[in-house]
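The block underneath contains the structure these notes are about, expressed in C-alpha cells.
The values are calculated or read from the model by the stated rules, or taken from the named source; none is laboratory data. In this text the structure is predicted, and so the values were computed from the model without any measurement. In this analysis, Cβ positions are derived from the backbone assuming ideal geometry, glycine residues included, and neighbour counts consider all displayed protein chains. All accessible areas refer to the heavy atoms of the entire protein, side chains included, with ligands and DNA or RNA removed. Shrake-Rupley method; radii C 1.70, N 1.55, O 1.52, S 1.80 Å.
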Amino acid sequence: MLSENQLKAFEKDGYLIIKNFINDEKCQKLITEMDQVIETNNFMEQIKTISVFLADENSSKAADEYFLSSVDKIRPFLEGKAKEILDKNDKSYKIFNKIGHALHALNPVFKEATFENKVKEIFKSLGYIKPIVCQSMYIFKQPFIGGEVMPHQDGSYLFTEPLRVTGIWIALEDCTPENGCLEFIPGSHKGPLVTRFIRNPNKEEFDSGKFLIYTNGVPKFSYDNSKFIPAEVKAGDAILIDGLVVHRSAPNLSAKSRNIYTFHVYDAHNTEFSNENWIKPSPISFLPLYEN
C-alpha cells in the first residue's frame, strides 16, 4: 500500500521511485529465468526471422506482423545494431533489445512477479477498480549497444478513454546515467498527450505494409534537456510511471547491462481501451490484476 506521502509525490511528479520493491534473490530469479527463456525457446537460432524494434523515429522497423501479433506471445526483439554485429559474426555482444509482450501471462516466474500482493496493493492505492495487465517486457539495455529511447508518454501506445494507464518498471540491476537509467520531466503528466501510436486506419497504406503511424507525427517535445531528471535506482527498486509523464533513456555506452522487467496496467472501469491501439485485447494476455 502506498503511503499518503508517496501518493502525493506521484500526483506531483507523475512518477515514483519505490525503494526495495523486490529483494536481490527475486532479482536474480527473474534474470536467471530470462536466460532460460532465451535458451529453451532457441531464440538465437530464430534471429534471422526477428524484426529489429527501434523505439525512435524509425518507427517503420516496428511496423510488421511480427510486432503486431506479439500481444499474446513471448517474442524477442533485437537491438538496432544487431544486424551489423551478426554480419560480422561478432559473438562478444549480446543483441537482444527486449523480450515481450506476454511474459506476465505465459511464464510462471514472471506471472508470479506481476501478480504478487504488493502490486495489487499499489493499484488499490491508486484507486484502480478493474485493473487489467495488458503487456509486459524484459528490457536488457545491453552493454555498449543498448539503444536510446526517445522522449515519450506511455499513453501514446496504450490509450484509454479517459486515459488511465500506469506502468511498473522494476530494476533487476543498478540503473545509472552511465548505463541508461530512466529520465523524467517531473510534472509533465499534467500536460496533454502529444501523439498516439496507432494501427494505420488507411486501408490501402495498411495493406501495403505501412501498419503503424503516429497521429501527430513522432513525438517531439519542446522541453529543455535540463528539465529531465535522472531516476537512478538500485537493483530491486521499482518506478511507478503515469501514462502521461514524459520520460526517456540514454544509450548504454558502458560495460554494464541494465536489465529491467516492466508491465503496464489500465483500469477497465468506466474506460474504453482504444481499438486503434497497436495492441489488440487478447483473453490470453489481458489479465485482471485482482483475480490472478
Q) Given the structure, is residue 241 surrounded by 14 or more Cβ atoms within 10 Å (Cβ to Cβ) and not aromatic (Phe, Trp, Tyr)? A) yes
Q. From 291, 272, which residue is free of Cβ contacts under 8 Å to residues at least 24 places away in the same chain, of a type in the set (Asp, Glu) and exposed (fewer than 14 other Cβ atoms within 10 Å of the Cβ)?
A. 291
Q | Hey, residue 222 at pLDDT below 95 and in a loop (DSSP other than H, G, I, E, B) or not | A | yes
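When residues of region 18-35 are filtered for being in contact with a helix residue (DSSP H, G or I) (Cβ under 9 Å, 6 or more places away or on another chain) and surrounded by 12 or more Cβ atoms within 10 Å (Cβ to Cβ), how many remain?
Of the residues in region 18-35, the ones in contact with a helix residue (DSSP H, G or I) (Cβ under 9 Å, 6 or more places away or on another chain) are 18, 21-22, 26, 29-30, 32-34.
Now restrict to residues that are surrounded by 12 or more Cβ atoms within 10 Å (Cβ to Cβ): 18, 21-22, 26, 29-30, 33-34.
The qualifying residues number 8.
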Q: All but one of (1) on the phi > 0 side of the Ramachandran plot; (2) open to solvent by 40 Å² or more (accessible area, probe 1.4 Å) hold for residue 129, so report the exception by its number.
A: (1)
Q: Determine which single condition residue 259 fails, assuming it passes every other condition in (1) modelled with pLDDT of 95 or more; (2) open to solvent by 30 Å² or more (accessible area, probe 1.4 Å); (3) more than 17 Å from residue 119 (Cβ to Cβ).
A: (2)
Q: Could you check, for region 159-175, whether at least one of its residues is surrounded by fewer than 21 Cβ atoms within 10 Å (Cβ to Cβ), touching a strand residue (DSSP E or B) at 6+ places or on another chain (Cβ under 8 Å) and more than 21 Å from residue 229 (Cβ to Cβ)?
A: yes
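Here is a list: 83, 141, 124, 120. Which entry is open to solvent by 40 Å² or more (accessible area, probe 1.4 Å) and at pLDDT 95 or above? Show your work before the answer.
Working: 83 fails: at pLDDT 95 or above; 141 fails: open to solvent by 40 Å² or more (accessible area, probe 1.4 Å); 120 fails: open to solvent by 40 Å² or more (accessible area, probe 1.4 Å).
None of the other options fit; the residue is 124.
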Q. Filter region 193-213 for residues that are open to solvent by less than 40 Å² (accessible area, probe 1.4 Å) and of a type in the set (Phe, Trp, Tyr); which is farthest from residue 274 (Cα to Cα)?
A. 211
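When the residues of region 238-292 are filtered to those that are of a type in the set (A, V, I, L, M) and not in a loop (DSSP other than H, G, I, E, B), which remaining residue is farthest from residue 97 (Cα to Cα)? Steps first, answer last, please.
Step one: filter region 238-292 for residues of a type in the set (A, V, I, L, M), giving 238-241, 244-246, 250, 253, 255, 260, 265, 268, 279, 284, 287, 289.
Okay, now just the ones that are also not in a loop (DSSP other than H, G, I, E, B), so 238-241, 260, 265, 287.
Numbers: 238: 20, 239: 20, 240: 22, 241: 21, 260: 11, 265: 22, 287: 25 Å.
Per the stated criteria, the residue is 287.
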Q | Meets criteria (in a strand (DSSP E or B), modelled with pLDDT of 95 or more and under 23 Å from residue 22 (Cα atoms)) for residue 183 | A | yes
Q: Note down all Cβ pairs under 7 Å where the first residue falls in region 277-288 and is within 13 Å of residue 67 (Cα to Cα) and of a type in the set (Val, Ile, Thr), the second is open to solvent by less than 20 Å² (accessible area, probe 1.4 Å) and in a strand (DSSP E or B), and they're at least six residues apart or on different chains.
A: 279/134; 279/135
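For residue 156, state whether it is open to solvent by less than 40 Å² (accessible area, probe 1.4 Å), more than 27 Å from residue 12 (Cβ to Cβ) and modelled with pLDDT of 95 or more.
Numbers: open to solvent by less than 40 Å² (accessible area, probe 1.4 Å): yes; more than 27 Å from residue 12 (Cβ to Cβ): no; modelled with pLDDT of 95 or more: yes.
Spelling it out, it is not the case that residue 156 is open to solvent by less than 40 Å² (accessible area, probe 1.4 Å), more than 27 Å from residue 12 (Cβ to Cβ) and modelled with pLDDT of 95 or more.
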